[in-house]
Amino acid sequence: MSDRSILLAACWSMGLTMLLVEGVRPLLPVLAHDLGASPALIGVMVGAFAAVPLFLAIPMGYWIVWTGTGRLSPLAAVGLGGAVLLVALWPTYLGLLLSQLLLGISHLAFAVDTQTTATSVGDPRERVRSLSLYTTFISGGQLVGPLLVGILTDAFGYRVTTALMSILAVPLLFTARHMRPGAGDLTAAAAAPSAADAGGAAPGGRVLVILREPVVWLSILGGFAVIFEMTVRQSFLPLYVEGLGYSSTTWGSLLSVRAAAAMLGRVLIDRLMARAGGQLRLMVAALVVTAVGLGAVPFVSSVAGLFVLSIIVGAAAGLVLPLSMALLAEGVEKDVRGLAVAVRLTGNRVAQLLSPVAVGFIAEVLGIGAAFYAAGAILLLVAAVIGPLGRSDPGSEPAGDRSGQQEQRRV
């Protein structure tokens, strides 16, 4: 199977996964609020999405390093369908909590598997473009999911909506099969550590080696920031919008517009990167714009204004994800890329766990608006840390030069 086919299988798998996850997750805070949950409790429940995956990301990375890609995703497809269906069958505090846990584990499995695939195929010189395609499919799922769920919920209610959405997990069983490695791809044999690497292959040993690379920390912080932003918007934007008297279709449309703007930003990523002077400089600028746009939400109450902010935040945050992935892919060797992706996703799960819990308590004490102020401030802090950490900007060098340098070092 060609590299292009494998990449497209990973893209479709993650796109469908994001359609389900991003469509159903915004429903959960609204349902919990209807059950009488406080903002703090809603934050804890939303944070459950990342609680268990926080400890599973690295073991999943080891699994892929040893067995190859495309073998974890079929199991995740079953879990994802079950998590969505659980909302329809058991709409209680416990049912919503279990749905979040299962949704988070399944989403993580798809993310580790598909990101490892997307960063391991094709010409390294085309990696930013390949990852832009991959993240564009992610944005496609983020665009369609909330809008579809919002419209269906207004028309049929959440039970019928989630039951119908669970059916979309079935195609994932088939797209995952096309990520299975063939000759020359990320096979279990190629991914398995050699005898010479046995010392570094011990649990924790290879992770520590990976974490010595500054570029890995740049990728982790970039991923942390964009996931933090997405989680806060998913958790509290629906509550803010419904508090203004608007419908589920409105907040679904706002989340979808953000995803559409992210897709547009990724189309222009090569041009913007050249103008900014490198991957890292563009990532820092995008983080600052995202922070300002997120913090401005409480100042806006009109639908038109909220749509403008969604476009600005979406276009900026949409650049951070592929840039942070490309930094990671270019900073580690292919045979440990699955583990490196898992390390990065562990940082993402920390963001998904901390952001709704911490911001939920802030919203409980100071109101929903304060949640957006706090999130914007945290993103500015991340941007301030990334700048000095990446003074030697790897994104300012041609991709070919970086790939040549990697061959002279091992992670």
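Assorted remarks:
- Pairs where the first residue, in segment 82-109, is farther than 14 Å from Pro53 by Cβ and modelled with pLDDT under 90 and the second is hydroxyl-bearing (Ser, Thr, Tyr) and surrounded by 19 or more Cβ atoms within 10 Å (Cβ to Cβ), C-beta under 6 Å, 6+ apart: Val87/Ser99; Val87/Thr162; Ala88/Thr162
- Residues satisfying the criterion are absent from segment 45-61 (criterion: touching an Asp or Glu at 6+ places or on another chain (Cβ under 6 Å) and closer than 27 Å to Ile368 by Cα).
- Restricting segment 9-33 to residues that are more than 18 Å from Gln142 (Cβ to Cβ) and modelled with pLDDT of 85 or more, the residue that is surrounded by the fewest Cβ atoms within 10 Å (Cβ to Cβ): Leu31
- Candidates Ser132, Ser99 - the one that is among the hydroxyl-bearing types (Ser, Thr, Tyr) and more than 26 Å from Leu27 (Cα to Cα): Ser132
- Of all residues making up segment 347-357, the number that are surrounded by fewer than 24 Cβ atoms within 10 Å (Cβ to Cβ) and under 18 Å from Gly61 (Cα atoms): 2
This table checks each residue for (1) surrounded by fewer than 23 Cβ atoms within 10 Å (Cβ to Cβ); (2) at pLDDT below 90; (3) in contact with a helix residue (DSSP H, G or I) (Cβ under 7 Å, 6 or more places away or on another chain).
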site: Asp154; (1), (2), (3): yes, yes, yes
site: Met165; (1), (2), (3): no, no, yes
site: Phe174; (1), (2), (3): yes, yes, no
site: Pro181; (1), (2), (3): yes, yes, no
site: Gly184; (1), (2), (3): yes, yes, no
site: Thr187; (1), (2), (3): yes, yes, no
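- Each residue in segment 54-75 was checked for being in a helix (DSSP H, G or I) and either surrounded by fewer than 22 Cβ atoms within 10 Å (Cβ to Cβ) or modelled with pLDDT under 85 (or both), and 15 of them qualify.
- All of (1) surrounded by fewer than 24 Cβ atoms within 10 Å (Cβ to Cβ); (2) at pLDDT 85 or above hold for Met263 with one exception: (2).
Per-residue answers, yes or no, for (1) over 30 Å from Ala37 (Cβ atoms); (2) aromatic (Phe, Trp, Tyr):
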position	(1), (2)
Gly95	no, no
Gln100	no, no
Gly104	no, no
Phe110	no, yes
Asp113	yes, no
Thr135	yes, no
Leu147	no, no
Thr153	no, no
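- The residue pairs whose first member lies in segment 239-260 and is closer than 24 Å to Gly318 by Cα, whose second member is of a type outside the set (Val, Ile, Thr) and surrounded by fewer than 20 Cβ atoms within 10 Å (Cβ to Cβ), and whose beta carbons are closer than 6 Å, counting only pairs six or more residues apart or on different chains, are Ser248/Asp154; Thr249/Asp154; Val257/Phe307.
- Among residues of segment 310-342, those that are over 24 Å from Gly278 (Cα atoms) and surrounded by 22 or more Cβ atoms within 10 Å (Cβ to Cβ), counted: 5
- Members of segment 119-134 found to be part of a helix (DSSP H, G or I), out of contact with any Cys (no Cβ under 7 Å at 6 or more places or on another chain), at pLDDT 75 or above and aliphatic (A, V, I, L, M), listed by number: Leu131
- Looking across Arg212, Arg159, Arg233, Arg206, one residue alone is at pLDDT 85 or above, of a type in the set (D, E, K, R) and out of contact with any Ser or Thr (no Cβ under 7 Å at 6 or more places or on another chain). It is Arg159.
- Test for Tyr246: is it at pLDDT 85 or above and either farther than 29 Å from Thr153 by Cβ or part of a helix (DSSP H, G or I) (or both): no
- Candidate set: segment 358-368, residues that are part of a helix (DSSP H, G or I) and of a type in the set (Gly, Ala, Ser); chosen: the one surrounded by the fewest Cβ atoms within 10 Å (Cβ to Cβ): Ala358
Condition check ((1) within 24 Å of Phe49 (Cα to Cα); (2) touching a residue at least 24 places away in the same chain (Cβ under 8 Å)) across all residues:
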{"position": "Met273", "(1), (2)": "no, yes"}
{"position": "Leu309", "(1), (2)": "no, no"}
{"position": "Gly331", "(1), (2)": "no, yes"}
{"position": "Arg344", "(1), (2)": "yes, yes"}
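- Close pairs from segment 205-220: first in contact (Cβ under 8 Å) with a residue 40 or more places away in the chain and surrounded by fewer than 19 Cβ atoms within 10 Å (Cβ to Cβ), partner of a type outside the set (Ser, Thr, Tyr) and in a helix (DSSP H, G or I), Cβ under 7 Å, at least 6 apart: Leu211/Val343; Glu213/Gly331; Pro214/Leu389
- Exactly one residue among Val112, Val87 is part of a helix (DSSP H, G or I), crowded, with 24+ Cβ neighbours inside 10 Å and over 20 Å from the mean Cα position of the chain (by Cα), and that residue is Val87.
- Candidates are the residues of segment 277-300 that are modelled with pLDDT under 85 and surrounded by fewer than 24 Cβ atoms within 10 Å (Cβ to Cβ); the one that is farthest from the chain's Cα centre (by Cα) is Gly277.
The values are calculated or read from the model by the stated rules, or taken from the named source; none is laboratory data. None of these values were measured; they are calculated from a predicted model. Please note: Cβ atoms are built from the backbone with ideal geometry, for glycine as well, and neighbour counts cover all protein chains shown.
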